[in-house]
Every structure is written in structure tokens, then in C-alpha cells.
Amino acid sequence: MSLKIGIPQSLFYYDYLPLWKEFFSELGAEVIVSSRTNKSILNHGVSNCVDEACLPVKVYHGHVIDLRDKVDYIFMPKIISTHKREYGCPKYLGLPEMVQNSVSNLPPCIDVNVNLIKSNSGLMDAVIETGKYITPNISKIKKAYKVAAKHYENYKRLINKGVIPIEAIKSYNNAAKAIGPVNNNGPIFMLVGHPYNLYDEYINMNLIKKLWSYGVRIVTSEMIDTEKVDFYSDKLPKRMFWSYGKRIIGSSFYMINENEVDGIIYVSSFGCGVDSILIDLVQREAREKGIPFTLLTIDEHTGEAGINTRIEAFMDMINRRNRNENYISTHG
Ligand code: SF4
């Protein structure tokens, strides 16, 4: 019987699921992904996590609990750095310890360190250490990673073409099935924020589908080429050392400056220290270039009616501007 490896459908899931899933499957393990976020996952996460944590970290706890009795191992890497001279949020760094101390009766966790701060060689170390939970055969592990990396390239290619990551995850093995950008003449909005806020439909109350229902075409940071992200993030007076921060700043500055966007919606979690800096930078840039900007802050108490009202008001403002009433303030 094959080993069952659990992957929480939260945090890094939206960035790396195809890579991890194919890697474990190639090694002969069965991958079990936790259920999509729901009321019970959220409640379990909130009640098993420290109050001070941000919403995504609480939700992550809930996903781990959802997997607890279903798998042999939970894959919970400690992601320190994914790019040279860049870091993740400090909360990722302590995540495996935090979860294992807060949630009881967990199966063993694959909590390998991923640290590319000095060089890319840290990646292969993490791959081999992870693979060894399933097989001692190193050449088999390397081969499995090679296959997984190819699937991951397909996934990233789909996103570059404008497919939302949650749709790309469903179809990276079959591009024909992917739902691409909505093909219409509606306004182009950039959705800015950490992927786990943008793509978790439960915590953001189906934001993407709501915008699609207004005919909005959505662009997110993941769709923008790395070269453009690097070029625009380098314009900051100080180097951005958070990987997600760099992607958010570089991509939104590109969209704002190349005038390819009608509005920006920043989705943030209450209590996120990283976002408090990023929001300010994006908002200032948007204001300078006259691009409408709005902020949606979500936490475990956010009500759907509040989100709907904010979207309706924002749509209203965009529509009035498009009818040549350009004097309408874009920032309240
Ligand atoms: S970046 Fe913000 S939302 Fe994400 S884990 Fe860190 S504090 Fe939480």
C-alpha cells in the first residue's frame, strides 16, 4: 500500500501544488489535499492557533487538522527563502514548529528546510531530504523531481497566459481545459495580494467570481513576467527582500506605469505586517498615476455584505470615470 502524503490547501499550495503533487506521485506516494476552506476548517484553525496570528496562518492550522486522520505524513516545509537574497514572511519560518506545538495527535510531518538565500543548491538538498521519507534511492528522487519540474513549467506557462492559478491547478496537465481570461471588453482590474488571500474562495468570499460576473478581466501578480517584476521592483530606493513583496510591487508598478489597468484591488489579511508596507507603496504609485485603488481587508469576522458593497462602490466609480467624468476622486 502506498504512503499517503497530506498537503494543506493553504499558504504555499497556490504556488507549488503541481510541483509537489507530481514529485510525490512519481515516487509512488498518494497525495491527499485537504478540503477547500470551509466553516469547519476556519473554526478549527482559529481555535487551535494563537490569537495574534494572521488569518492565513490560522486557516493553515485548520487545513492541517482536516488532514490529521487521513494521511501517513503531512508535508509542511519550512520555507525560509525561495530566491537568492530574499526571504519569506517571518511567520512562514516558524510555521512547522507553531503548528506541531498547537495541534495535537498529528502524524509525522515532513518539515524540511527550504533555504535558497545563498544559492540554488539548497533546493536539491530539500528535494532529496523530502524524497528520502519515501525512498532511499537518490537517483529515483532526482528523476521524480525532474518530471515534477516539467509539470510545474506547464502550470506556470498557463498562468503567464492569464489563467487564474486555481483554474491552472485543475488543468495544468490539460491546457485545453483551462479557463483563460474572460474574453470581453470589460475593465481590467489588477488583484493584488498574497496568493492565499486572492485564491482562497472561502476567505475572500468568491471575489474573483464576483468580479467576473461584472465582466471584469482580472490580472494578478503571478501572470506578470519575472523580467518586468525585477525591472519595476528595482525602482524602489531600497531592495525589497520579501519574495512575495517583490512580486507584488514589481507587478503592480508595471501594470500602473504601463497604463494597462483600470483599477487595483488590494486584498489583505488583518494584522499582516508585510502588507502594511506593501499597501502603502502600491497605493501611492496608483494615486500618482491616477489609477483607482481600493483595499479589502479580510479576517475571520468579515461579512460578505461588506465585501459586496465595497465591490459595487468600486465598480460604480470605475463606470462613472469611463463615462468621462475623470474628475471623480479615485481614492475617496
Ligand atoms: S505575509 Fe502577512 S498574511 Fe502572509 S503569513 Fe505573513 S503576516 Fe500572514
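Using the Cα centre as the reference, give the magnitude of the dipole from point charges on the C-beta atoms of the chain (Lys, Arg: +1; Asp, Glu: -1; all else neutral), rounded to the nearest 20 debye.
Numbers: 39 positive and 36 negative charges, 155 e Å.
Dipole about the Cα centre, nearest 20: 740 debye.
Relative contact order (percent) for the stretch 1-127, with alpha-carbon contacts under 8 angstrom and 6 or more residues of separation?
Details: 216 pairs, mean separation 31.7, N = 127.
Relative CO of the stretch 1-127 lands at 25 percent.
Using the Cα centre of the stretch 181-322 as the reference point, and only Cβ charges (+1 on K/R, -1 on D/E), how large is the resulting charge dipole? Debye, rounded to the nearest 20.
Values: 15 positive and 19 negative charges, 68 e Å.
Result for the stretch 181-322 is approximately 320 debye, rounded to the nearest 20.
Which of rounded, prolate, oblate describes the stretch 125-252, given a ≥ b ≥ c as roots of the alpha-carbon gyration tensor eigenvalues and a/c under 1.5 marking rounded, otherwise prolate only if a/b is larger than b/c?
On the way: a/c = 2.19, a/b = 1.42, b/c = 1.54.
Oblate, because a/c is 1.5 or more while a/b does not exceed b/c.
Among all the aspartates and glutamates, which ones have a C-alpha under 19 Å from residue 170's C-alpha, if same-chain residues fewer than 8 places away are not counted?
Those aspartates and glutamates meeting the cut-off are 15, 22, 26, 30, 153, 200, 201, 222.
Using the Cα centre of the chain as origin and beta-carbon charges of +1 (Lys, Arg) and -1 (Asp, Glu), tell me which of 82, 296, 207 is placed farthest towards the positive end of the dipole.
82
Starting from the Cα-Cα distance between residue 313 and residue 146, subtract it from 0.36 nm times their residue separation and give me the gain in nm to one decimal.
Details: separation 167, 0.36 × 167 = 60.12 nm, distance 4.77 nm.
Using 0.36 nm per residue and subtracting the Cα-Cα distance, I get 55.3 nm.
List the pairs from 84/238; 146/209; 58/78; 161/210 whose alpha-carbon separation is above 23 Å, in the order I gave them. Walk me through the intermediate numbers first.
Working: 84/238 16 Å; 146/209 35 Å; 58/78 16 Å; 161/210 21 Å.
146/209, as the Cα separations exceed 23 Å there.
When the Kirkwood radius is taken over all Cα pairs of the stretch 4-160, what Stokes-Einstein diffusion coefficient follows at 20 °C and 1.002 mPa s, in µm²/s?
On the way: Rh = 16.0 Å.
After rounding, the answer is 134 µm²/s.
Using θ = phi - 60° and the Karplus relation 6.51 cos²θ - 1.76 cosθ + 1.60, list the HN-Hα couplings for the stretch 38-46 in order, rounded to whole Hz, with x at every Gly or Pro.
For the stretch 38-46, the Karplus curve yields 9, 4, 5, 4, 4, 4, 5, x, 5 Hz.
For the chain, build the charge dipole from Cβ charges (+1 Lys, Arg; -1 Asp, Glu) around the Cα centre, then report which of 10, 315, 223 sits farthest towards its positive end.
It is 223.
To the nearest 0.05, what FRET efficiency results for residue 101 and residue 320 with a Förster distance of 51 Å applied to their C-beta separation? If you can, show how the numbers build up before the last one.
Values: r = 52 Å, r/R0 = 1.02.
The value I calculate is 0.50.
Calculate for the chain the 222 nm mean residue ellipticity that helices alone would give, adding -39,500 (n - 2.57) per DSSP H run of length 4 or more and normalising by residue count, nearest 500 deg cm²/dmol. Can you show the working numbers first?
On the way: 14 runs with 158 residues, N = 332.
That comes out to -14500 deg cm²/dmol.
Under the definition of Cα pairs under 8 Å and six or more residues apart, what whole-number percent is the relative contact order of the stretch 181-322?
Numbers: 191 pairs, mean separation 36.7, N = 142.
For the stretch 181-322, the relative contact order is 26 percent.
Quick check: from the Cα gyration tensor, does the stretch 192-275 come out rounded (a/c under 1.5), prolate or oblate?
Details: a/c = 2.40, a/b = 1.36, b/c = 1.77.
Note, shape of the stretch 192-275 comes out oblate.
At 1.4 Å probe radius, can you tell me the per residue accessible area of the chain in Å²? Mind showing how you got there, number by number?
Values: 15540 Å² over 332 residues.
It amounts to 47 Å² per residue over the chain.
Report, as a whole number in µm² per second, the diffusion coefficient that Stokes-Einstein gives for the stretch 181-322 at 25 °C and 0.890 mPa s using the Kirkwood radius over alpha carbon pairs. Provide the component values of the computation, followed by the final result.
Numbers: Rh = 15.3 Å.
Once the numbers are plugged in, D ends up at 161 µm²/s.
Taking Cα centroids, how far is the stretch 180-245 from the stretch 87-151 in Å?
27
Over all directions, how big on average is the projection of the convex hull of the alpha-carbon atoms in the chain, in square nanometres? Walk me through the numbers on the way to the answer.
Working: hull surface 68.0 nm².
The number I arrive at for the chain is 17.0 nm².
Do you know the relative contact order of the chain, to the nearest whole percent, from alpha carbon pairs under 8 angstrom that are 6+ apart? Could the numbers behind the result be given before it?
Details: 568 pairs, mean separation 51.5, N = 332.
After rounding, I find 15 percent.
Mind checking which lysines have their C-alpha under 16 Å from residue 289, skipping anything on the same chain fewer than 8 residues away?
Hits, sequence-local ones excluded: 235.
Take the alpha carbon gyration tensor of the stretch 242-308, find the square roots of its eigenvalues, order them as a ≥ b ≥ c, and report rounded if a/c is under 1.5; if not, report prolate when a/b exceeds b/c, else oblate.
Values: a/c = 2.45, a/b = 1.41, b/c = 1.75.
Verdict is oblate for the stretch 242-308.
Share of the stretch 181-322's accessible area from carbon and sulfur, percent, 1.4 Å? Kindly include the intermediate steps, with their values, before the conclusion.
Details: 3060 of 6210 Å².
Carbon-and-sulfur percentage of accessible area, whole number: 49.
Which of 96, 108, 159 sits closest to the plus end of the dipole of the chain, meaning its Cα is farthest towards the positive end, when Lys and Arg get +1 and Asp and Glu get -1 on the C-beta?
Checking the options against the dipole of the chain, the answer is 159.
Give the long-range amide H neighbours of residue 74: residues separated by 5 or more places, or on another chain, with amide H under 5 Å away, using H modelled in the peptide plane at 1.01 Å from N.
6, 109, 110
The values are calculated or read from the model by the stated rules, or taken from the named source; none is laboratory data. Computed from a prediction, not measured in an experiment: that's the story for all the values here. Using ideal geometry, Cβ is built from the backbone for each residue, glycine included, and neighbour counts are taken over all protein chains shown. Just the protein is used for accessible areas: all its heavy atoms, side chains included, with ligands, DNA and RNA removed. Shrake-Rupley method; radii C 1.70, N 1.55, O 1.52, S 1.80 Å.
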